[in-house]
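A.B. asks: Provided herewith is a single structure, encoded as structure tokens, for subsequent inquiry.
The values are calculated or read from the model by the stated rules, or taken from the named source; none is laboratory data. Just so you know, these numbers come straight off a predicted model, no measurement behind them. All Cβ positions, glycine included, derive from the backbone under ideal geometry; neighbour counts span all protein chains shown. Accessible surface is based on the protein model in full, side chains and every heavy atom, while ligands, DNA and RNA are left aside. Shrake-Rupley method; radii C 1.70, N 1.55, O 1.52, S 1.80 Å.
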Amino acid sequence: MAAPNTPQAKTERLLNLTMSLLSSRIPLPKHRIRQLVEAYQVVESDEAFDRMFERDKEDLRAMGIPLVTEDIGVFEDEQGYRIDRRDYDLPAVELSADEMAVVGLASRAWAHATMAGAAATAWRKVAAGDEVDTEPFVGLEPQLGGAEPAFEPLKNAVLTSATVRFDYARPGEGGSRPRHVEPWNLTAWHGRWYLVGYDLDREATRVFRLSRITSGATTTGEPVTQAVPEDLDPVSMIAATDPQEPRPHPSVLRVRVGTGHQLRRRATAVTSVDEQWDRVAVDHGQVAPFVAEILSHGRDVVVEEPAGLREAVIERLSAIAALHEEVGA
């Protein structure tokens with residue numbers, strides 16, 4: 001049980017009170033409720049319990065929980081409390097086939113996130129065994145997050161308005177230089193992630209491509225000095241700093257049947273290998289982001305050509321394996 005007089009303790013108490021009232025078929029008198037709810041058992045005096053119980057009743061009603069008071073027993077002044085399930089339970093949710101497919105698509109967006117298990121469970125409950133027509137959404141594979149190590153700390157920094165430091169390599173400058181930034185926005189553009197923020201050292205708004213950050217991004221604890229502009233347009237700013245599309249490089253991948261829809265949509269050619277695999281020819285830009293995209297498909301995508309791309313994938317996998325061995329040692 002959480003420490004008393006904390007938000008967590010109150011939440012636990014209200015939840016236990018609700019469960020106790022829902023589980024009873026008859027109205028419960030106060031003395032019985034005090035025996036059932038653990039938090040009430042440790043209250044020292046009857047007066048303190050009465051005050052706490054009165055506050056909790058009002059809180060439940062304010063949340064829309066239909067708490068009913070009824071006279072019970074032979075004494076007119078004895079009251080009991082209950083929650084009528086008919087008023088408490090929500091009606092069945094009715095979704096059309098298209099709506100069900102959209103919900104399923106949303107649940108797939110958590111495929112690689114910490115909420116993956118919960119999202120899958122929720123989707124099974126919504127689907128409830130019904131056939132879901134996902135045909136209108138074939139080829140869509142939403143994913144959250146980026147492969148760059150700086151993505152997660154920068155995302156958190158944007159959400160909490162926390163000033164950050166990191167080393168950044170600009171093309172043609174040779175080496176990396178430290179940056180001191182108040183982050184405003186993380187945006188994906190043309191398959192790459194960018195940070196838009198205020199560079200404190202240069203006293204100007206700047207755009208940073210995450211793949212060029214060469215160090216970890218750490219928060220400094222400093223108060224934010226610049227408000228996010230109301231007319232901030234991250235996409236236009238990113239396009240202005242990187243207007244040219246990267247020169248395409250051809251590659252040939254072996255993709256398991258029924259997977260790799262993002263790759264198939266961009267493919268210049270798709271041929272069948274056997275019942276399990278297709279050969280997919282697809283052009284790509286920078287190697288590092290494309291390697292990350294390939295790895296996001298796990299065992300469903302194998303690089304056949306070119307040799308340099310295949311070696312880059314093997315090198316990244318070897319680094320990941322070595323890191324896991326280090327952690328497990």
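A.B. asks: Under the rule of at least 5 residues apart or a separate chain, name every residue whose amide H is placed under 5 Å from the amide H of W184.
C.D. replies: Result for W184 returns V196, G197, Y198.
A.B. asks: Sticking with this structure for a sec: 5 Å is the cut-off here: which amide hydrogens, built 1.01 Å from N in the peptide plane, fall below it relative to E78, excluding neighbours closer than 5 in sequence?
C.D. replies: I72
A.B. asks: Here's something else I'd like to know. Tell me, in nm to one decimal, what length is gained between D167 and T220 on full extension, where the rule is 0.36 nm per residue of separation less the Cα-Cα distance?
C.D. replies: In short, 17.7 nm is gained.
A.B. asks: Over region 147-217, with every protein chain in place, what whole percent of the accessible area is carbon and sulfur at 1.4 Å, could you tell me?
C.D. replies: After summing per-atom areas, the C and S share lands at 46 percent.
A.B. asks: Send over a whole-number figure in Å² for the accessible area per residue of region 279-325, probe 1.4 Å.
C.D. replies: That works out to 56 Å² for each residue.
A.B. asks: What GluC sites (Glu not before Pro) does region 224-321 have in DSSP loop regions with at most 14 other beta carbons within 10 Å?
C.D. replies: E230, E275
A.B. asks: Continuing with the same structure: Where in region 263-287 does the label zone of I314 land, with the point 7 angstrom along Cα→C-beta and an amide N cut-off under 17 Å?
C.D. replies: none
A.B. asks: Here is a further query. With all protein chains present, calculate the accessible area of R82 using a 1.4 Å probe and round the result to the nearest 10 Å².
C.D. replies: Approximately 60 Å² of R82 is accessible to the 1.4 Å probe.
A.B. asks: How big is the dipole moment of region 207-318 about its Cα centre under a simple scheme where the beta carbon of each Lys and Arg is +1, that of each Asp and Glu is -1, and everything else is neutral? Debye, nearest 20, please.
C.D. replies: Dipole of region 207-318, to the nearest 20 debye: 340 debye.
A.B. asks: Could you state the accessible area per residue of region 28-82 in Å², with a 1.4 Å probe and every protein chain left in place?
C.D. replies: 64
A.B. asks: Can I ask one more? Could you derive backbone 3J(HN,Hα) for region 37-54 from the dihedral phi with the Karplus parameters 6.51, -1.76 and 1.60 (θ = phi - 60°), listing whole Hz in sequence and x where the residue is Gly or Pro?
C.D. replies: Each residue of region 37-54 in turn: 8, 4, 5, 6, 5, 8, 5, 5, 10, 5, 5, 5, 5, 4, 5, 5, 5, 5 Hz.
A.B. asks: Under the Karplus relation 6.51 cos²θ - 1.76 cosθ + 1.60, θ = phi - 60°, what is the ordered set of whole-Hz ³J(HN,Hα) values for region 281-287, x standing for Gly and Pro?
C.D. replies: 9, 9, 8, 9, x, 5, 5
A.B. asks: Right, here's the next one. Kindly report the accessible area of region 183-253 per residue (heavy atoms of protein chains, probe 1.4 Å, no ligands, DNA or RNA), in Å².
C.D. replies: 57
A.B. asks: Could you list which residues have their amide H under 5 Å from that of V273, counting only those 5 or more apart in sequence or on another chain, with H placed in the peptide plane?
C.D. replies: Amide H to amide H, under 5 Å and 5 or more residues apart or across chains, V273 pairs with D278, R279.
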